[in-house]
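As structure tokens, the structure follows; a few thoughts come after it.
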Amino acid sequence: MGTDRTTVRREAHKQVEDQATLKAILARAIIAYVAISIDNQPFVLPVACAPFGDELLLHGSTASRLFKALASGLPACVNITLVDALVLARTSFDSSMQYHSLMALGTARVIPDREKLSALNALTEHLFPERAKELREPSSKEMKATSVLAFPLNEISIKVSNSYVHDAQSEPSTNIWAGVIPILSTYGEPIPSEDLKSGIEIPEYISLWPKNRI
């Protein structure tokens, strides 16, 4: 998984290399940040993502400069960061966060036409579980307008911080509250489309979507 380029130098003890952590990060992530450099100008852009076998799907438009560059074989760096909690210490210096972070280096693979519908269905199922089965398939025009790439996950760095407050010895007499505040992502109450036909109920599967997704 890791190489010399992805070895964590700062707080190396937080680097992990197990597949279970990788799969857990990918299961929660719906946005990846893709970094490229064009004409010596760096760009970082967010794109929808989903696990796809041993790769990460990246979804965008065929007209996108980012996806044109990726499709041409331009090297890129992809990052996913999930913030789990804020760690409130008795000093700003010791305050921190709990998080799971994934960085991947490589070049994207263009999904061939024979595999594209399967990839798009995997993306839809990841973002909107159980919804793909009730939607029509994309039209040929929609397929041409959509770019879906697969990014390799064979040169990656995973960093996990699950630390708690560690400033008690340096601040023993401070009367300031310290602890951890979890950050939870939840889905709000569904808002129906204004042009929705009467009598159409909210799908039951939406109530089953995971509450701590991102």
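Bear in mind that the values in this text are calculations on the coordinates, not laboratory data. Given the structure is predicted, the values throughout are model-derived calculations rather than measurements. Methodologically, a virtual Cβ is constructed for each residue, glycine included, from the backbone with ideal geometry; neighbour enumeration extends over all protein chains shown.
Below, the figures for the structure above:
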quantity	calculated
Stretch in the chain that is longest and holds no trypsin sites (Lys or Arg not before Pro) that DSSP places in a loop and that have at most 11 other beta carbons within 10 Å	11-135
Which of Glu194, Glu125, Glu137 has the fewest Cβ neighbours within 10 Å, and the rest in rising order	Glu194, Glu137, Glu125
Region 97-206 - convex hull of alpha carbons, volume per residue in Å³	206 Å³
More than 22 angstrom apart: percent of Cα pairs within region 2-156	47 percent
Largest-first principal axis extents, alpha carbons of region 42-129, Å	56, 34, 22
Helix axis angle, 19-28 relative to the chain longest principal axis, alpha carbon, degrees	70 degrees
Size of charge dipole - the chain - debye, nearest 20, with Cβ of Lys, Arg +1 and Asp, Glu -1, no other charges	440 debye
Cα-based Lys pair tally, the chain, threshold under 16 Å, eight or more apart or on separate chains	5
